[in-house]
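Structure first, then comments.
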Amino acid sequence: MTAPARLPDVIDTAPAFTADDVSTLNARFARHSAADMLAELLAGELQGRVAVVSSFGAESAVLLDLVASIDRSIPLIFINTQKMFGETLAYRDSLAEQLGFTDLRVYRPDPYEIARRDDKSLRWAYDPDGCCDLRKVEPLRRALAGFDAWISGRKGFQAGRAALPRFELDEGRLKINPLADWDKPTIDAHFTARELPRHPLEAAGYPSIGCQPCTSQVQPGEDPRAGRWRHWDKTECGIHNQPAF
């Protein structure tokens, strides 16, 4: 008896999400609170398919608190560029512990690429875009492999982020911005109501915190993000540009 012919293996290369999916999600959750939206998604169609990405910056605790209230086991990704403030690393450990996250994943730049492209560790001083690509964008690309969606802490009131939607498409991957419509008073009120710890550098004049060489103190009256890449025509590290990767 002849054995039946073996069917060829098929690999599905279609993107997990399309532009139509993003439009549908933006309409579907237009009237939901951020907490209700996350609760429905994390316990529903995105369960096991999504990670939350955090810089553990000045306002990061709000998003992380919302997520932890729903699912503390969700993968929490942090990109250690190896140019971070020591205060940020300490804040990361204490905040993740306080909120009860059980799957903190730390990614670093490829040491071979660092040796090849930034052997003197000074690329930030003459090519900040290239430095961000090497130390942030590429590690995040590796970190998100295997996920269909990721959660970002961006807010629409931040400079250059007006009209930020709750859902975006990022090369077939869904990017979720739960705090897109939150303003600064709402952020501060959540810190107070939930008794969340502030980043230790915020009180020292750093309302927006990135890598140490490219972050400076902000003076009264300046935009909160004025201290990021000061004197450069640059407002984003690259992971939130479109396309992000």
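Identify all residues within segment 20-52 that are in contact (Cβ under 8 Å) with a residue 40 or more places away in the chain and either open to solvent by less than 20 Å² (accessible area, probe 1.4 Å) or on the phi > 0 side of the Ramachandran plot (or both); write none if there are none.
V22, L25, F29, A34, M37, L38, L41, L46, V50, A51, V52 - these are the residues of segment 20-52 that are in contact (Cβ under 8 Å) with a residue 40 or more places away in the chain and either open to solvent by less than 20 Å² (accessible area, probe 1.4 Å) or on the phi > 0 side of the Ramachandran plot (or both).
Mind checking which residues of segment 197-225 are over 16 Å from L63 (Cβ atoms), part of a loop (DSSP other than H, G, I, E, B) and in contact with a Gly (Cβ under 6 Å, 6 or more places away or on another chain)?
Correct list: S216, Q217, V218.
Would it be correct to say that F17 is under 23 Å from G172 (Cβ atoms) and at pLDDT 95 or above?
no
For segment 201-228, give me the residue count where each residue is open to solvent by 70 Å² or more (accessible area, probe 1.4 Å) and at pLDDT 90 or above.
3
Filter segment 55-84 down to residues that are open to solvent by 10 Å² or more (accessible area, probe 1.4 Å) and among the small types (G, A, S) and give me whichever is nearest to the chain's Cα centre (by Cα).
So the residue we want is S55.
The values are calculated or read from the model by the stated rules, or taken from the named source; none is laboratory data. Predicted model only: the values in this text are computed from it and were never measured. Ideal geometry is used to build each Cβ from the backbone, glycine not excepted, and the neighbour counts take in all protein chains shown. All accessible areas refer to the heavy atoms of the entire protein, side chains included, with ligands and DNA or RNA removed. Shrake-Rupley method; radii C 1.70, N 1.55, O 1.52, S 1.80 Å.
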